[in-house]
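The values are calculated or read from the model by the stated rules, or taken from the named source; none is laboratory data. This one's a predicted model, so the numbers in the text were calculated from it and none came from an experiment. Every residue, glycine among them, receives a Cβ derived from its backbone with ideal geometry; neighbour counts consider all protein chains shown.
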Amino acid sequence: MTDVLLEVEGLRKTFPVRRGPFGRGGGAVRAVDGVSFAIGRGEILGLVGESGSGKTTVGRTVLRALAPDAGRIVFDGTDIAGLDAAGLRPFRRRMQLVFQDPFSALNPRLTIEQALAEPLLIHRLAPTRAARQERVAALLAMVGLPAAAMQRFPHAFSGGQRQRIGIARALACEPDFIVADEPVSALDVSIQAQVVNLLADLRERLGLTLLFIAHDLAVVEYIADRIAVMYLGHIVEIAESRALCRRPLHPYTAALLSAVPVPDPAAPRRRIVLEGDMPSPANPPSGCPFRTRCRHALPACADARPVLREVAPGRFSACIRDDIVPSEAPEERRRD
């Protein structure tokens with residue numbers, strides 16, 4: 001990758017756990033524990049994993065909505081991990097977020113014009129109301145909504161339309177990088193495809209770079225150039241999306257893929273059922289975080305955490321065994 005827009009190295013984020021009647025004592029939840037990845041300019045990186053794996057925390061920490069405990073976040077050549085509010089201000093308009101829930105992401109008291117004009121006012125990008133109205137109309141057209149929508153309130157729109165408005169708000173400041181935090185999980189399946197196609201089209205038209213967070217590997221495979229798989233605060237595999245979905249290298253990735261529905265129910269496939277629940281991030285297991293649910297676990301898996309290493313060109317896996325997953329990989333699926 002020659003032109004890297006965002007590089008994350010050794011990112012860590014913990015949250016304190018308060019116990020007792022006065023909120024004293026307790027430990028800490030390791031939401032993100034040593035995550036590293038890079039995103040090229042104009043690339044879409046998919047970040048997938050179960051609920052509670054730390055995906056959203058990664059996205060919000062990368063945007064500096066949360067302050068990291070350790071690690072580097074290099075955005076366009078500048079490490080923003082330790083910057084204060086004043087130092088972050090020039091980067092705020094270049095990094096935006098699309099929220100998961102379109103129903104709570106918009107202020108019900110503001111018209112769509114007011115909601116989309118707010119970032120223009122904050123960053124002083126449109127000095128007059130006429131200029132702001134022109135920009136808002138252009139943003140609505142960009143996401144497939146009429147200019148007349150700007151005078152209406154959020155309750156007048158469906159979930160899919162609200163998510164389009166949320167995307168338009170993220171585009172208001174002409175950002176370079178967008179974190180889409182499960183942008184289709186709250187939508188009907190028929191609407192999901194429209195929103196995913198819209199994001200893919202905007203990437204092509206505007207040259208955007210996206211971190212697309214989701215738990216549905218089928219959706220991520222469709223839109224992402226590469227996929228990073230996350231489990232219990234760790235990234236366990238990174239690869240080009242088609243290569244990862246054809247032949248995963250990590251047991252957890254193989255289990256996720258085996259649960260993805262296929263168009264032909266009669267097609268041969270092997271379902272890999274994970275036993276038990278994900279361990280608590282407040283008390284993670286020693287060594288490999290996945291070993292308590294991995295049927296291929298060895299005694300050595302409890303000794304040290306596997307390092308994410310390049311096992312093939314462009315393919316990274318955090319597993320001490322290289323001989324178990326390829327034979328179990330799901331049959332190759334068509335990607336239209």
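A few remarks follow.
- Some residue of the stretch 120-132 being assigned to a loop (DSSP other than H, G, I, E, B) and at pLDDT 95 or above: no
- Sole residue being without any contact (Cβ under 8 Å) to a residue 60 or more places away in the chain, buried (at least 18 other Cβ atoms within 10 Å of the Cβ) and over 16 Å from ALA170 (Cβ atoms), chosen from ALA126, ALA86: ALA126
- When residues of the stretch 1-56 are limited to those that are surrounded by fewer than 22 Cβ atoms within 10 Å (Cβ to Cβ) and among the polar types (S, T, N, Q), the one modelled with the lowest pLDDT: THR2
- Residues of the stretch 278-292 classified as modelled with pLDDT under 90 and outside any loop (DSSP other than H, G, I, E, B), total: 0
- Taken as a whole, the stretch 86-102 holds at least one residue that is of a type in the set (Phe, Trp, Tyr), closer than 28 Å to THR57 by Cα and not in a helix (DSSP H, G or I).
- So LEU202, is it in the same structural domain as ILE44 (by TED's automatic domain parsing) and either crowded, with 21+ Cβ neighbours inside 10 Å or in contact with a strand residue (DSSP E or B) (Cβ under 7 Å, 6 or more places away or on another chain) (or both): no
- Filtered by the rule that a residue be surrounded by fewer than 16 Cβ atoms within 10 Å (Cβ to Cβ) and either over 21 Å from PRO154 (Cα atoms) or under 26 Å from the mean Cα position of the chain (by Cα) (or both), the stretch 129-139 gives ALA130, ALA131.
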